[in-house]
Amino acid sequence: MSFCLYSGAMLGEKTTGKWTMDQAPQYAIDHVANSPKNLFEFEILDNLSQKISSFLGISSDSLFYIDLGITKHVFLLFFVSLITVTTIVTLIQKYISNKKNIPSKFMSIIEMFVIYLRDDVLKNFIGDKEYRSWAPLVYTIFFFILFGNLLGLVPIFDLFGLVGKISHIDSIYIFSKGGNTVTANVNVTFAIATITFCAFIFAGIKKYGFIQHWKNLAPSGLPWPLYFVVVPIEFMGLFIRPLALTLRLAGNMMGGHIALVIFITFIFSATAEIGGLAGLGIAPFSVSLALGLTMLELLVAVIQAYVFALLTAVFIGMAIHVDH
Amino acid sequence: MGAGLAVIGAGIGIGLIGYGVAQAIARQPEAAGEIRSQTFLLAILVEGAAILLGLLSLVL
């Protein structure tokens, strides 16, 4: 659905005669990138971000300028959080207040995820006793990422982009070039990975105490010269873990959406380079490929959420059970 | 070029994991669940290396 609307937006570009083959990568990047401007103007937020940045000594045109403004992805983050919380809370409220204890359709889906995660992930990797204290974190991460990924396939901003393109209102078009996958933004996934990072360090410290936890990093009982090799490697591994988590999720979501857009741009590139008939001929292949890829994206959305939750559980388990 | 090499490496790695898993499940069908969760872990680790290298090739 997203790509249909998106191709509509591109069609607008085509009819104005501006489409060239070189534009395809730019379109793909625009599709996954954050909006260049803030969606809403809040003077309080602007003042606050200026104060914080001047306090830290960062000028306003610097790359590291701390902008608290609401961009497209920030807005979507709030939106995803809202949807996640309301869906889960209302479903579970309904289930609890239900006298007969029969789960509704959506409740059984959620129940399936929860039970699968509990039996296959939490009990397996964190342990039968400790898993209860870490379950809320893993479930929260799983459902947040799942909803974020799935919402990326619903064309909210693509619709705005299409409207802005057709009605030639540039102010709508500029900040809504489509793409509403928050999890395709590296900053978002890095924030979630940081939570995981803190969680598994905290888990180790809680179990073994501060000093013993850092001693556990390297296996004991090695001949002493080996420690000069093992300790740096283990220390690097500690920081590579959240980095790999960040890049895996963002890379997968971004890659899928870029591929979708590129498949659609085949039509326009063929039309621009060869002729209208070539564009018409390539359209069925292009759209069916994009359709198939959208189905794949549905699968990837669930798998990546599962993988993130699984790795969180695995890292926490590794911090708790040092012996293996 | 770098991205292609990373994909070849990860492809061989995940292929080997899949080979092992298919054999393991064929030999012990009752342990399929446990094998599957271990598989995910291994495949993720292989994929993680590939993603890191792919990004490195993009950046450099």
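The values are calculated or read from the model by the stated rules, or taken from the named source; none is laboratory data. Just so it is clear, the model here is predicted, and its values are computed rather than measured. When we count neighbours, we look across all protein chains shown, and the Cβ atoms used for this are built from the backbone with ideal geometry, even at glycine. When the accessible area is computed, the model is the full protein with side chains, heavy atoms only, and any ligands, DNA or RNA have been set aside. Shrake-Rupley method; radii C 1.70, N 1.55, O 1.52, S 1.80 Å.
Summed over region B:33-60, the residues that are over 21 Å from A:Tyr306 (Cβ atoms) and open to solvent by 90 Å² or more (accessible area, probe 1.4 Å) give a count of 5.
If the requirement is being aromatic (Phe, Trp, Tyr) and away from every other protein chain (no Cβ under 14 Å), which of these qualifies: A:Phe263, A:Phe308? Please lay out each step first, then the result.
Working: A:Phe308 fails: away from every other protein chain (no Cβ under 14 Å).
Just a single option satisfies the conditions, and that option is A:Phe263.
Mind checking which residues of region A:315-324 are surrounded by fewer than 23 Cβ atoms within 10 Å (Cβ to Cβ) and either part of a helix (DSSP H, G or I) or of a type in the set (Val, Ile, Thr) (or both)? Step through it out loud before you land on a result.
Residues of region A:315-324 surrounded by fewer than 23 Cβ atoms within 10 Å (Cβ to Cβ): A:317-324.
The answer is A:Gly317, A:Met318, A:Ala319, A:Ile320, A:Val322.
Here B:Gly54 meets the list (1) within 13 Å of another protein chain (Cβ to nearest Cβ); (2) more than 21 Å from A:Leu243 (Cα to Cα) almost entirely, failing just condition (2).
With respect to A:Ala191, determine if the residue is touching a Phe, Trp or Tyr at 6+ places or on another chain (Cβ under 9 Å) and either at pLDDT 85 or above or surrounded by fewer than 16 Cβ atoms within 10 Å (Cβ to Cβ) (or both). Walk me through how you get there before you give the answer.
Working: touching a Phe, Trp or Tyr at 6+ places or on another chain (Cβ under 9 Å): no; either at pLDDT 85 or above or surrounded by fewer than 16 Cβ atoms within 10 Å (Cβ to Cβ) (or both): yes.
No, not satisfied.
With respect to the stated conditions, B:Ser57 fails to be in a helix (DSSP H, G or I), among the polar types (S, T, N, Q) and either more than 17 Å from A:Gly255 (Cβ to Cβ) or touching a His at 6+ places or on another chain (Cβ under 8 Å) (or both). The conditions of being over 30 Å from A:His73 (Cα atoms) and open to solvent by 80 Å² or more (accessible area, probe 1.4 Å) are met by A:Phe228.
Given the conditions (1) more than 14 Å from chain B (Cβ to nearest Cβ); (2) open to solvent by less than 60 Å² (accessible area, probe 1.4 Å), and given that A:Pro284 satisfies all but one, which numbered condition is not satisfied? All conditions are met except number (2). Given the condition within 14 Å of chain B (Cβ to nearest Cβ) and assigned to a helix (DSSP H, G or I), answer yes or no: does some residue in region A:204-220 qualify? The answer is no, given that none of the residues of region A:204-220 is within 14 Å of chain B (Cβ to nearest Cβ) and assigned to a helix (DSSP H, G or I).
When A:Leu247 is tested against the conditions (1) open to solvent by 30 Å² or more (accessible area, probe 1.4 Å); (2) within 14 Å of chain B (Cβ to nearest Cβ), the lone failure is (1).
The set of residues in region B:27-42 being touching a residue at least 12 places away in the same chain (Cβ under 8 Å) and within 9 Å of chain A (Cβ to nearest Cβ) consists of B:Arg36 alone. Can you go through A:Ile211, A:Ile240, A:Ile274 and tell me which one is without any contact (Cβ under 8 Å) to a residue 24 or more places away in the chain, out of contact with any helix residue (DSSP H, G or I) (no Cβ under 6 Å at 6 or more places or on another chain), within 19 Å of B:Ile44 (Cβ to Cβ) and of a type outside the set (Ser, Thr, Tyr)? None of the others qualify; the one that does is A:Ile240. Looking at (1) open to solvent by 50 Å² or more (accessible area, probe 1.4 Å); (2) more than 20 Å from A:Phe308 (Cα to Cα), which is the only condition B:Val21 fails? Among (1) open to solvent by 50 Å² or more (accessible area, probe 1.4 Å); (2) more than 20 Å from A:Phe308 (Cα to Cα), B:Val21 violates only (1). Looking across region A:250-260, the residues that are more than 11 Å from every other protein chain (Cβ to nearest Cβ) and surrounded by fewer than 20 Cβ atoms within 10 Å (Cβ to Cβ) come down to A:Ile258, A:Ala259.
State whether the residues of region A:118-125 include one that is more than 14 Å from chain B (Cβ to nearest Cβ) and open to solvent by 30 Å² or more (accessible area, probe 1.4 Å). Reasoning before the result, please.
Keep residues of region A:118-125 that are more than 14 Å from chain B (Cβ to nearest Cβ), which gives none.
So far as region A:118-125 goes, no, none of its residues is more than 14 Å from chain B (Cβ to nearest Cβ) and open to solvent by 30 Å² or more (accessible area, probe 1.4 Å).
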